[in-house]
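Data first, discussion second: the structure below is written as structure tokens.
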Amino acid sequence: MSKPLQLLIVEDSEEDVELILMELKHGSFDVTHQRVDTAPAMAAALEQKSWDLIISDYAMPQFDGLAALKLYQEKGLDFPFLIVSGKIGEEHTVAAIKAGVHDYIMKDNLARLVPAIERELKNSQARLSHRQAQDALRQSEAHYRGLFERVPVGLYRTTPSGKFLDANQALVDLLTYPNRESLLSTNVIELYVDPQDRQRVVDILAREGIVTGWGVQFRRFDGISIWVENTARAILNGHGSVLYYEGSIQDVTERKNAAQSLLESEERFRRLSQASFEGISITSQGKFIDANEQFTKMLGYERAELIGQPVIDLVAPESRELVAKHMRTRYEKPYEHFALKKDGTIFPVEVHGKSISYSWGTARVTAVKDITERKRAETEIQNHLNRLETIRKIELSILAAQSAQDTAMTALEHIQLLLPYNLGGVVLYDFDTNQVDFLATYAVGQNIAPLINRSYTIDEFTPYVETLRTGQIYVMPDLSEETELNLASELIKESGIRSFIDIPLIVRGDLIGSFSVLSDQPNAFEPTHLDIANEVANALALSIQQGRLLETEQRRRKEMEALEQVSMSLRQADMRDELFSILLTESRSLFNADSGAILTPLEDKYEYTIVQGPKNITTLLTHQRFAEDELAESINAENPVFQPDLPFDKLGVVSAILLPIRFNQKTYGAMIL
């Protein structure tokens, strides 16, 4: 493969040029040449283009080789310059070599030409590479020195023993030295507040070859201690020994003080948050980064479990949209939501968050308060207020009721707002007749006909009545678990009832009845329900008793009015029979009797002189007479005589009362109703 060669030939002989070119061709050179034989021509050629090689004859008529060499040197060129000439003296050859000719070849020995050219071209390239490397090195050193001096960070080089080899102006200024020389004359060990820190740096460099961001205290020239960060590396020779250390020094006093202040502030915050009775958490980008002990206990987590966990995971599903919105908008007013414990428990909390800016970003500090007890208290208060209001309404309705039955029904209708019941009832006890009377019942979706469409004795309500007579509430938690039930309980169970309570209706220490509330759920009634039912029962008992007294008073008033009417009628009567007739009519009305009669003495017998009522009665009894001894005992009795069972079913008469008619201790007859 031919090698290109730009050749400038300084020669006056065309034949010699041809010989040189032929030799070069044999040496695989692809030659581009120009021949000159004068100084001006050579100077022009050197200006026109770049050459790889100059071959010059030593002696020519108008020019010579040494003059050509001088012109070449004046141009500052460094490619090969060879002389190819005839025989000259040895002293001329030595002089040419000393002058700077790279080689001298005799024209009769051109076999040396190609090897000499190849050698000198290589040497020329080596010199060029060396010059380029030197130029690059100088440029690099200049760049390094410029950077070394301009960088605002203190830079240095020191020996392993601590002697400064170099330092930039920034380090001089940082350490407040008057000039670079005064700093370079100082051993670096003198800068360390604790000299052992220097040895620690050296030990790390020996092990790892580099130390990064080593925080240490330096003492400035003015005596003030500062915090610096030292970054250094060990520069080794070819044998692995340390030549020197080079590195950088940065003043981090402000940052160190700020970090210390932050640590102290965070420690104060941590102590304050730990002393707080509220849970406090710190979050960033929706995740926990810290929390106090109260918060972790509240949620059932360890602190390590909590760090990095998404905030939304600790929020109950029904509150997540609200919490996410407030976190997104950095809402800073107190609000309530439901939180989720680690064990899955949901409970109400009140939260108050605030965003705080740090150097690394924004965090949210949130105070969290468990308001379960407060909510329970609020609910209890509201329930109590509702209870009082409902009881007040019940009491007002009871007072407005027109009868004992109305009173009982009013209580049952209103009590369903406070108690979870399906069936309610008010019963009255007549201990003289051992009878139970259903005063009122109220059912919610229950078929109670089999339960109330029959009569009961008080004995069939045992053991309820026994408990009620002591003033205590009878509680049946679950009928399905009872094995021995009385008749009333059996019928209650068949109607679908599972639990009930019986509250005594007591007036002046006497049991007059019970107020019953029944549910189709087991254990349906809580202590608060018993308190409510008891309050209603107390009002109900008084109202029923007042109703009874009112009914008695009304009945007595009617009786008095009837007696007044009888008295007035009697005063207006002219004849005895008219008087008796009036007396019988008014008495029948007063006692609501279907029929009545007046018996008067006639000789030795008693005769029905006046009979009122159905036709069959009047036909049968009018003017009937009875021997005196049959009725004398009853008629002569001072008190009325009651006959509860008479054998007159066909006449529609099953009972009667005989009232003697007496005046001034004299019997004038009797009235039968």
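The values are calculated or read from the model by the stated rules, or taken from the named source; none is laboratory data. These numbers come from a predicted model, not from an experiment. Virtual Cβ from ideal backbone geometry, glycine too; neighbours counted across all protein chains shown. To get the accessible areas, we keep the full protein, side chains included, count just its heavy atoms, and leave off ligands, DNA and RNA. Shrake-Rupley method; radii C 1.70, N 1.55, O 1.52, S 1.80 Å.
Site pair Arg557 and Ala99 shows an inter-label distance of 16.5 nm when each label is modelled 7 Å from Cα along Cα→Cβ. When you restrict to C-alpha pairs under 8 Å that are six or more residues apart and normalise by the size of segment 63-185, the relative contact order lands at 15 percent. Taking 7 Å steps out from each Cα toward its Cβ at Thr362 and Leu550 produces label points 6.9 nm apart.
The phi torsions of segment 491-501, fed into the Karplus equation with coefficients 6.51, -1.76 and 1.60 and a -60° offset, translate into couplings of 5, 5, 5, 5, 7, x, 7, 10, 9, 7, 10 Hz, rounded to whole numbers, with Gly and Pro shown as x.
Counting only protein heavy atoms and a 1.4 Å probe, segment 407-519 has 45 square angstrom of accessible area per residue. Here's the picture: a label point sits 7 Å out from the Cα of Leu165 along the beta-carbon direction, and within segment 122-138 the residues with their amide nitrogen under 20 Å of it are 137-138. The modelled label-to-label distance between Gln199 and Arg303, using points 7 Å beyond Cα along the C-beta direction, is 3.7 nm. Stretching Glu526 away from Arg219 to a fully extended chain increases their span by 102.6 nm, per 0.36 nm per residue minus the current alpha-carbon distance. Couplings 3J(HN,Hα) of segment 278-288, computed from phi: 9, x, 10, 10, 10, 10, 8, 6, x, 10, 6 Hz, in residue order, whole Hz [Karplus 6.51 cos²θ - 1.76 cosθ + 1.60, θ = phi - 60°; x for Gly and Pro]. The Cα atoms of segment 138-258 give a gyration tensor whose axes a ≥ b ≥ c have a/c of 1.5 or more with a/b no greater than b/c, which makes the shape oblate. Computed FRET efficiency, Cβ-Cβ of Ser655 and Lys393, R0 45 Å: what is it to the nearest 0.05? Efficiency, from the Cβ-Cβ distance: 0.55.
Classification of segment 287-373 by its C-alpha gyration tensor yields an oblate form. The axis ratio a/c (a ≥ b ≥ c) is 1.5 or more, and b/c is at least a/b.
Distance from the Cα centroid of segment 323-368 to that of segment 157-207 is 52 Å (rounded to whole angstrom). Near Gln62: Cβ cut-off under 10 Å, other residues only, Lys/Arg at +1 and Asp/Glu at -1. The net charge is -3. Computed from the C-beta positions of Glu321 and Glu378, the FRET efficiency with R₀ = 25 Å rounds to 0.55. Full extension of the chain segment joining Ala206 with Glu246 gains 13.0 nm, where the gain is 0.36 nm per residue of separation less the Cα-Cα distance. Given a Förster distance of 51 Å, report the FRET efficiency between Ile346 and Lys256 from their Cβ-Cβ distance, rounded to the nearest 0.05. In this case the efficiency is close to 0.60. As a ratio to 2.2 N^0.38 Å, the alpha-carbon radius of gyration for segment 77-183 is 1.99. Solvent exposure of segment 44-107 amounts to 49 Å² per residue of accessible area, where only protein heavy atoms count and the probe is 1.4 Å.
Averaging 1/r across all pairs of distinct Cα atoms in segment 396-545 and inverting the result yields a Kirkwood radius of 15.2 Å.
Shape call for segment 314-429 from the C-alpha gyration tensor, a ≥ b ≥ c root eigenvalues: rounded (a/c under 1.5), prolate (a/b greater than b/c) or oblate? Taking the square roots of the gyration eigenvalues as a ≥ b ≥ c, segment 314-429 is prolate.
Taking the 1.4 Å solvent-accessible surface of segment 1-144 as the whole, the part contributed by carbon and sulfur is 53%. Once the Cα-Cα distance is subtracted from the 0.36 nm per residue extended length, the Thr462 to Lys287 segment shows a gain of 56.4 nm.
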